[in-house]
Amino acid sequence: MDYTDLFKEKFLSSTGMLTSCANLHSDPFLYTYLSGEILGVNKSLLSLFGEEGAVAISSIEEWLKPQGIELSFLLSQSGEYRGKLTAQGKEYDIAIRSEVILLGDVPIVAIVLKDTSIIERARAAERYFDQFKKKFLTSMSHEFRTPMNAIIGFTDLLKGTHLSSWQQEYVDMVSKSASSMMRNIENLLELMQVESGNIHAAFQVFAPVEVFETFSVQFKELAETKEIQLMFLIDPRLPKTITGDQDKILTILRNLIQNAIKFTDINGQILVEIIVVKKENRSIEVEYAVSDTGIGIDAEHSKTLLRPFASAWENQRRGKDGLGIGLSLSHKYVDMMNSHLMLASQEGVGSRFSFRIRHKVSEAGSFEFIEGTRAALYSQDLASAQSALLHKYLDLFNVEITPITTLVNRVLFDSTILFMDTPHISNSQIESLKMTYPALEIVPIIELEYGEKADLLLEVVKSVITLPLLPSSLHKTLSVVWNTMPKEYINTSVDIPFIPRETPINILVAEDNLINLRLLETILQQQNFQVTAVDNGQKAVDAYLLEPYDLVLMDIDMPIMDGLTANRLIKEINKRDNRGFTPVIALTAHALIGDRERIIGAGLDAHLAKPIDKNFLLQTIERYLKIAQESKSTKHV
């Protein structure tokens, strides 16, 4: 055998080995000479060409068309290219990877072909599925919220009628079940949005003390039903405004509080803490925590607690409702804000969930502090949660506090204020104390429900503290004692009075669901509003053209003309006819993340999501009527 034959034998052996290696590759694969003559292909490429594969493949220039370059360039230069592959009458978009290698002294080209049309089809399918999910979520939200608005709304109206004891019990059961169902629906829809990647952190400037105090009122009735003492410690050192994702923080706290109420027995206690733990130049770190004296969580269960639906079975076992998604959603939201949801729990003792968020400070100083105030706290039970909470608040206000259990105490001669945490204090007892300690300001602590008693006590004291304890009301009390605020500033009324009206208030309501329309009419007429009701946006515009209204409540999805278009036309009428500002408030089942921003961005003045809370609706109406009145007064000056 001469050297030429030996070279050919080794070369053929090498190419056979290369072909075997090529068959290990799942994508179409081939080897060629620089001329384009094919050395070998893998099974994946052959399968594209069917029975005539070997013959068809032999002429590479017939089936492989690089994009923007000549085939000869592809065969001589290693690189990545785009192109077309034609096989059995079908054309494929492909990515081409070519690599020039040496086989002995002979240069050959290894070529990998990847079908990008499959990837594009997969991407198109993914885009279609994402759009489908968005439409599904929007539809589900709307279809659930619209009937739930009627169920919850009319149940609330029923509570205000004359019912027998068993009727009242039935109505309460319907109300609780509807609220529970609504919570589950909202959590499920939000979790689906998060997992589909449609929700991201949305930072905005907000006033933390105002927001969290308003938020705290939501749970009063739920806690009282179970005879649970629910307390909020909202740090008065919080800045006036900060930047953060207000909506997600409130959702997390709402889920944690509802969970705590669910798993805390009668006469238990829940403490919600919002505390500044670190201050820097223009930022603060705030710890949010919810602690309870509930049943606690065992170590094994705590490992899976944050998985979606993981606690649903545990809820069933313990006779509790819930899908087990509130904590999972909260965990995802905390992660979204670059933090961690921490759990400390002991079975039979209670649990504490907490997380920390760093906020930029937009405007410093919610409250004015006066240093050097000495105070005494009298309580028949200084170990009570309420006394401990007041002590913490006063510490945060830089008040030097001394707990006492007897009113005959030398500490009182050195104190400026005496806080009296006793439910049965009388005017005569206070008068007696003032004679003994003439320099002492006495501040009784009473439940907010006892407003009449507070009015009586204010005849002999400068101020009272009404429960629940909140920083703004406590600061008002301290300010009166410090003589920085008039006594009349203290408001002990339980109900927020409506604005006195010399003329009737006309409200236009546009709502295509007749049941919800009837609900809104009933709520508004009970407050002596004059109501005009229409069932689509076109009728709303027509009615507004005929006469001015003080306020408009507008559904968004309506036949003939939607609420966004109707609002735009109403604003144009105001501008054309020089009518001034008329608030248009959206009442809508569009309540997914981003819906509020979209609707406000379209020009509506406020967004209320269904199901509508009656009190919040009326408060919102009063607030915007006042804004409209001030706007018109300014205009006429």
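In region 272-293, which residues are within 16 Å of SER366 (Cα to Cα) and crowded, with 19+ Cβ neighbours inside 10 Å?
Matches in region 272-293: ILE274, ILE284, VAL286.
What about VAL494, is it at pLDDT below 90, outside any helix (DSSP H, G or I) and within 33 Å of the chain's Cα centre (by Cα)?
Details: at pLDDT below 90: yes; outside any helix (DSSP H, G or I): yes; within 33 Å of the chain's Cα centre (by Cα): yes.
Considered against the rule, which asks whether it is at pLDDT below 90, outside any helix (DSSP H, G or I) and within 33 Å of the chain's Cα centre (by Cα), VAL494 comes out as yes.
Given the structure, is THR251 closer than 16 Å to GLU285 by Cα and in contact (Cβ under 8 Å) with a residue 24 or more places away in the chain?
no
Within region 139-156, can one find any residue that is assigned to a helix (DSSP H, G or I), aromatic (Phe, Trp, Tyr), at pLDDT 85 or above and under 20 Å from the mean Cα position of the chain (by Cα)?
no
Pairs please, first residue from region 326-351 and at positive phi, second anywhere and in a strand (DSSP E or B), Cβ atoms under 9 Å, 6+ apart in sequence or on different chains.
From region 326-351, the pairs are ASN338/ILE357; ASN338/ARG358; GLY350/GLN269; GLY350/SER291; GLY350/ASP292.
Restricting to region 612-635, what's the tally of residues that are closer than 21 Å to LYS248 by Cβ and either in contact (Cβ under 8 Å) with a residue 24 or more places away in the chain or outside any helix (DSSP H, G or I) (or both)? Walk me through it before giving the result.
Step one: list which residues in region 612-635 are closer than 21 Å to LYS248 by Cβ, which gives 613, 616.
From the residues that got through so far, the ones that are either in contact (Cβ under 8 Å) with a residue 24 or more places away in the chain or outside any helix (DSSP H, G or I) (or both) too are 613.
Adding up the residues that qualify gives 1.
Does at least one position in region 541-552 carry a residue that is more than 17 Å from GLU511 (Cα to Cα) and small (Gly, Ala, Ser)?
Residues of region 541-552 more than 17 Å from GLU511 (Cα to Cα): 545-548, 550.
Filter once more, so that each one left must be small (Gly, Ala, Ser): none.
Checked against the condition, which is being more than 17 Å from GLU511 (Cα to Cα) and small (Gly, Ala, Ser), region 541-552 yields no hits at all.
Criterion first (assigned to a helix (DSSP H, G or I), of a type outside the set (Lys, Arg) and crowded, with 16+ Cβ neighbours inside 10 Å) does GLU190 satisfy it? First the steps, then the outcome.
On the way: assigned to a helix (DSSP H, G or I): yes; of a type outside the set (Lys, Arg): yes; crowded, with 16+ Cβ neighbours inside 10 Å: yes.
When the stated conditions are applied, GLU190 passes them.
Does at least one position in region 537-547 carry a residue that is under 31 Å from the mean Cα position of the chain (by Cα), not in a helix (DSSP H, G or I) and not aliphatic (A, V, I, L, M)? Steps first, please.
Narrowing region 537-547 to residues under 31 Å from the mean Cα position of the chain (by Cα): 537.
Now drop any that are not not in a helix (DSSP H, G or I), which leaves none.
No: zero hits.
Checking SER415 against (1) touching a strand residue (DSSP E or B) at 6+ places or on another chain (Cβ under 7 Å); (2) of a type outside the set (Asp, Glu); (3) at pLDDT 90 or above; (4) crowded, with 17+ Cβ neighbours inside 10 Å, only one condition comes out false. Which one?
It fails just one condition, (3).
Of the conditions (1) closer than 24 Å to MET336 by Cα; (2) at pLDDT 85 or above, LEU191 fails just one. Which one is it?
(2)
Could you say which residue among LEU75, LEU102, LEU45 is aliphatic (A, V, I, L, M) and in a strand (DSSP E or B)? Can you show your working first?
Working: LEU75 fails: in a strand (DSSP E or B); LEU45 fails: in a strand (DSSP E or B).
Sole residue among the options that is aliphatic (A, V, I, L, M) and in a strand (DSSP E or B): LEU102.
Looking only at region 377-419, count how many residues are in a helix (DSSP H, G or I) and of a type in the set (Val, Ile, Thr).
Taking region 377-419 as the starting set, the residues that turn out to be in a helix (DSSP H, G or I) are 385-396, 410-414.
Adding the requirement that they be of a type in the set (Val, Ile, Thr) leaves 411.
Of the residues in that region, 1 qualify.
If LEU306 meets every condition in (1) surrounded by 16 or more Cβ atoms within 10 Å (Cβ to Cβ); (2) modelled with pLDDT of 85 or more apart from one, which number is that one?
Exception for LEU306: condition (2).
The values are calculated or read from the model by the stated rules, or taken from the named source; none is laboratory data. This is a predicted model, so every value here is computed, not measured. Glycine gets a Cβ as well: all are built from the backbone with ideal geometry, and neighbour counts include every protein chain shown.
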